[in-house]
Structure formats: C-alpha cells, structure tokens
Amino acid sequence: MNDKVGVGAQSGSCLDCEECLNGQECYCLKSMVGTYNGKYSDGSKSYGGYANYCRAPAHFAVKIPDALKLEDAAPMLCGGITVFSPLKKNGAGPGKRVGIVGIGGLGHFGLMFAKALGADEVVAISRTSAKKEDAFAMGATRFIATSEDPKWAKTHSRSLDLIVSTVSSPDMPLEGYFKLLKTRGEFIQVGAPEDKFPGFSAFALIAKQCKMGGSSIGSVKEISEMLEFAAEKGIKPWVTVRDMGEANQAVVEMEDGKARYRYVLRNEKHATELGV
C-alpha cells in the first residue's frame, strides 16, 4: 500500500516459457508485451508514459526505493537497464576496463554504472569531443574522439576488456572498435540501428578470440537490482523535467540533439497527488 512503483519498457510476457521461467522475461518466446502500445494476449492494449493511468500485471511493477526520486528512477526503467544489464552480465567491475560508445541518453547511464560497478577504467567513445567535459563528470577516466584523431584505433589498441555500444547509427567504425578490445574482449551492441551493420573482417574477432553480442532491456529482477544499486551508490541521471503539455517540444529538442541527457515528462494533472 502506498508503494511507489514503476513499469519499464515491458508490461507482460507468458511467464511460463523457458526464458520466463529462467527469469529472462524480456526474451519471452511467446508473448513479449511492450509498454508502448503493445498488445496483451486478450487483445487489449498496453498504454505507456503518456497516459494518466497505467494498469499492468503486478509481476512487471517494480518497487522504487525511497532514496530515489521518481524523475531519476523513471529513465532507469528503460534506458538505465538497457546498459546496466550487459555491464553486469559481462563482468564490468574491478579488474576490467570498460568502453562506452555514444554519450547520449543510454551512454551517460553506461558511464555512471560502469564507474559505480568499480571498473578499473571507464572510457567514453564519441565522434567528437563536444561532450568530453560531461563524460568526465559522469565518471569517464579517458575519452576517445574518433573523428578528431585519425590514429585513435591504433593509439588505444588492445586497451579494453568490454565495450558497450549505445549508438543507433549503422555508420560506425566497427573494425576500429574491435581493435580497442584486448584478447577475449567483448563488444555488446544495445543501440538499435534501423539499417544493417557495416561489414567487417572475421579476423577482427578471430585474431583475438573476441566476442560480439547484443542485449535487450532487462528482467524484472535485474531492474529491481539496478534501482537498489542506484539508490545505494547515489547514482543520479542527468535529466530535464518537462510538463506533459510540453511533450511535443521535448521531442523536437531531443531530435535536435539538445537533450542532456534524458527528458522526463511530468504529468502535471496528477503530480501533486504523488508529491512531485
């Protein structure tokens, strides 16, 4: 009663397939229901963040720790877990050097979580150095601007154990990223380009026994773990809160690259009831 809860990018699954029974609901084999206009098995719709009210299966409602503000927890439920899950699963922590490609809504979470997980080094990788100061404030210990240093791949060769790529453009220097990996390094893609990946030589992976993989959002258990971790470590995302009536303007600004680094929409009609 009176708990503050949140629903992430997923609002339902079958809960009885192999993946669901293994606590990986986001990879459900039968009916992964997205929160944003998804459909439940009975044909009804799952309405997302623009609604006044949301009804979802209790299994997918995650308790938000009291130590987290709602505007900070909200973007973690989707963007945050998208990077937290692959970082945690692939061993980001003491003894590991981690690179985050793309300093945006996802990437800024990646830098903060990698640092909080205790990675020996956190490297921000971006096309330009425009966000360099921000990246260091988020926890980066090194910055690579790929369009400003023609020799960046050679200069930083074999320096990273894990790279999480958050960019959604297919126009990425993929082979250059692979050169940054140490032997048995891992490259995990979480950004979702609409077009195909650029081609690359298999020897980029074979020569160093590297792995390339992908990751979706995260399970309910992982989201809960992430929120507790964020509360414990005092992780605060960089958000701009806008009233729901300004949603269209926020979208325009986001498409213009002005977001620093997540917009959170405040439902002014009901915010007072929640004390926010």
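Within region 116-133, which residues are surrounded by fewer than 16 Cβ atoms within 10 Å (Cβ to Cβ) and in a loop (DSSP other than H, G, I, E, B)?
Selection gives Gly118, Asp120, Thr128, Ser129, Ala130.
Scan region 186-216 for residues that are of a type outside the set (Gly, Ala, Ser) and in contact with a Cys (Cβ under 9 Å, 6 or more places away or on another chain) and jot them down.
Glu186, Phe187
Given the residues Val276, Val252, Val241, which is the only one that is part of a strand (DSSP E or B) and either modelled with pLDDT under 95 or more than 27 Å from Lys96 (Cα to Cα) (or both)?
Step by step, each of Val276, Val252, Val241 is checked, and only Val241 is part of a strand (DSSP E or B) and either modelled with pLDDT under 95 or more than 27 Å from Lys96 (Cα to Cα) (or both).
Let me confirm something: among Glu255, Glu194, Glu186, which residue is over 27 Å from Ala67 (Cβ atoms), crowded, with 17+ Cβ neighbours inside 10 Å and within 21 Å of the chain's Cα centre (by Cα)?
Checking each option against the conditions leaves just Glu186.
To keep it simple, each residue is scored yes or no on (1) out of contact with any Leu (no Cβ under 8 Å at 6 or more places or on another chain); (2) farther than 23 Å from Phe60 by Cα; (3) not assigned by TED's automatic domain parsing to the domain that holds Lys115.
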site: Cys210; (1), (2), (3): no, yes, no
site: Met226; (1), (2), (3): yes, no, yes
site: Ala230; (1), (2), (3): no, no, yes
site: Ala247; (1), (2), (3): no, yes, yes
site: Ala250; (1), (2), (3): no, yes, yes
site: Glu255; (1), (2), (3): yes, yes, yes
site: Ala259; (1), (2), (3): yes, yes, yes
site: Val264; (1), (2), (3): yes, no, yes
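Can you confirm whether Lys88 is without any contact (Cβ under 8 Å) to a residue 40 or more places away in the chain, surrounded by fewer than 23 Cβ atoms within 10 Å (Cβ to Cβ) and basic (Lys, Arg)?
The answer is no for Lys88.
Give the residues of region 22-55 that are among the polar types (S, T, N, Q) and part of a loop (DSSP other than H, G, I, E, B), sorted by residue number.
Of everything in region 22-55, those that are among the polar types (S, T, N, Q) and part of a loop (DSSP other than H, G, I, E, B) turn out to be Asn22, Gln24, Ser31, Thr35, Asn37, Ser41, Ser44, Asn52.
Among the candidates Phe136, Phe229, which residue alone is part of a helix (DSSP H, G or I) and in contact (Cβ under 8 Å) with a residue 40 or more places away in the chain?
Phe229
Yes/no matrix, rows are residues, columns are (1) more than 27 Å from Arg260 (Cβ to Cβ); (2) in contact (Cβ under 8 Å) with a residue 12 or more places away in the chain; (3) part of a helix (DSSP H, G or I):
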| position | (1), (2), (3) |
| --- | --- |
| Gly6 | no, yes, no |
| Cys14 | yes, yes, no |
| Ala92 | no, yes, no |
| Val98 | no, yes, no |
| Gly107 | no, yes, yes |
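Among the listed residues Glu175, Glu186, Glu194, which satisfies the condition of being in a strand (DSSP E or B) and acidic (Asp, Glu)?
Glu186
For region 19-36, give me each residue that is surrounded by fewer than 17 Cβ atoms within 10 Å (Cβ to Cβ) and either out of contact with any helix residue (DSSP H, G or I) (no Cβ under 9 Å at 6 or more places or on another chain) or of a type in the set (Val, Ile, Thr) (or both).
Leu21, Asn22, Ser31, Gly34, Tyr36
The values are calculated or read from the model by the stated rules, or taken from the named source; none is laboratory data. Just so it is clear, the structure is predicted and the values come from calculations on it, not from any experiment. Note that we place each Cβ from the backbone using ideal geometry, even for glycine, and neighbour counts take in every protein chain shown.
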